[in-house]
Amino acid sequence: MSDQHKFKPESLMMSYGFKPELSEGAIKSPIFQTSTFVFKSAEEGKAFFEIAYGIREKGLTEEVGLIYSRINNPDLEILETRLKLWDEADDSAVFESGMAAISTVLLEFLSPGDVLLYSTPVYGGTDHFINHFLQKIGISTIAFKPNHTKEDILNLLKASGKADKLAMIYIETPANPTNALIDIEMCAEISKEFSNADKKVYVAVDNTYMGPLWSQPLKHGADFSIYSATKYIGGHSDLIAGAVSGNKEVITRTKILRTFLGNMAAPHTGWLLMRSLETLKIRMEQQAINAKEVANFLKNHPKVEKVYYLGFIPENSEEYNVFKRQYSCAGAMLSFDIVGGEKEAFKFMNSLKLIKLAVSLGGTESLVEHPATMTHVGVDPSYKNELFITEKLIRISVGVENHADIIWDIEQALNVI
């Protein structure tokens, strides 16, 4: 029997990238709570800085040295080494929040005069950054909807008169909060059509809802797989972080800008995320099992108009083909339209006993929120309606509790209305 074996990511999360002999034999990485690191010599310090600032490439036998925790830190380096395994990426970069990851990528790969093509709906913070901040620095934006075909999108670009300025396609799929799907491979095809020898059009995917366990956007032609690591990766609602995975070229550029923006995650956050990666698969799998039970209950309830859940996509639809191609599971996020409007939605949420009323998602506890007045309050009201983000829409992030208890809580709250 060969001694060569390729371990699965969930097996490598316990120890990959960590050398116990460098930390007094500790089985787990310590928290390297330090601001700076000592160089063995002035020559070593010079070499470390040259690589960190992108002045030269790292030699084949050369290791990236520790300088200062704004640039690198053992907790972040080990974490990034493990995180990249899920996406089968060259490298990953970890940030102090999901918005820090998103904004850093957009700022590094877009310049004044460029055009950003993006899918809707996107997370409210992303929507605000795209439509307010980017436009202030001379970057044009063009939005498309989940039901738009490739031809529709090409027509949007043509009608803008700025198709030649396209620099990036940014998509969030499944979309928050409706679970609408965007075809990553279609977006990659569009990016190739507008790329040339002098300019590459990048594809960035917010993979927070389904990643890194159930979706790997890089395999479908994306250049960036972006996460709010606060969500499933962190998984315990006790930290704020973001992450980006990709090839060496894009992550190196992203990390260099991160150095100067100073928006890296702290050592303690890195350590907490390493803890969380060890249970990522079992947490997400249990949440998915629970979500399926919850969705089936809601689907047949007389006070529920519609359930937005990936497991309910009609099998004879194009959306189903995209789902089967991009995802290995229906996930643990769902939304539903309650019969009525804001009054009934609020009454339902205020009547819950086990499920907590709070934004965010992906934690071990089940959470409920009202997108129209909370996470997506800043989106134009008429556009929200076009995207089905109405007053009757309620979003649930399903946790790891016993599914019968979650369903009991939902049922008793519905009965109050």
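From the list His376, His301, which residue is outside the structural domain of Pro177 (by TED's automatic domain parsing), assigned to a loop (DSSP other than H, G, I, E, B), modelled with pLDDT of 95 or more and of a type outside the set (Lys, Arg)?
His301
Given the structure, is Leu414 within 25 Å of Met210 (Cα to Cα), at pLDDT 95 or above and not in a strand (DSSP E or B)?
no
Would you point out which residue out of Leu181, Leu157 is in the same structural domain as Asp223 (by TED's automatic domain parsing), modelled with pLDDT of 95 or more and out of contact with any strand residue (DSSP E or B) (no Cβ under 8 Å at 6 or more places or on another chain)?
Only one candidate qualifies: Leu181.
Pick out the one residue from Ile71, Ile78, Ile51 that is β-branched (Val, Ile, Thr), in contact (Cβ under 8 Å) with a residue 40 or more places away in the chain and assigned to a helix (DSSP H, G or I).
Exactly one of Ile71, Ile78, Ile51 is β-branched (Val, Ile, Thr), in contact (Cβ under 8 Å) with a residue 40 or more places away in the chain and assigned to a helix (DSSP H, G or I), namely Ile78.
Would you pick out the residues in the stretch 17-48 that are part of a loop (DSSP other than H, G, I, E, B) and either touching a Phe, Trp or Tyr at 6+ places or on another chain (Cβ under 6 Å) or assigned by TED's automatic domain parsing to the domain that holds Arg253 (or both)?
Across the stretch 17-48, the qualifying residues are Ser29, Ile31.
Taking the stretch 232-278 on its own, how many of its residues are in contact with a strand residue (DSSP E or B) (Cβ under 7 Å, 6 or more places away or on another chain) and not aliphatic (A, V, I, L, M)?
9
Do you know which residues across the stretch 386-416 are within 27 Å of the chain's Cα centre (by Cα), under 14 Å from Leu334 (Cβ atoms) and not polar (S, T, N, Q)?
Across the stretch 386-416, the qualifying residues are Phe388, Leu393, Ile394, Arg395, Ile396, Val398, Gly399, His403, Ile406.
Inspect the stretch 142-153 for any residue being outside any loop (DSSP other than H, G, I, E, B) and free of Cβ contacts under 8 Å to residues at least 24 places away in the same chain and give the result as yes or no.
Within the stretch 142-153, one or more residues are outside any loop (DSSP other than H, G, I, E, B) and free of Cβ contacts under 8 Å to residues at least 24 places away in the same chain.
Can you spot a residue in the stretch 115-133 that is surrounded by 15 or more Cβ atoms within 10 Å (Cβ to Cβ), in contact with an Asp or Glu (Cβ under 9 Å, 6 or more places away or on another chain) and under 22 Å from Lys255 (Cα atoms)?
Yes - at least one qualifying residue is present in the stretch 115-133.
The values are calculated or read from the model by the stated rules, or taken from the named source; none is laboratory data. Everything quoted here is computed from the prediction, not taken from an experiment. Because the Cβ atoms are built from the backbone with ideal geometry, glycine has one as well, and the counts that use them run over all protein chains shown.
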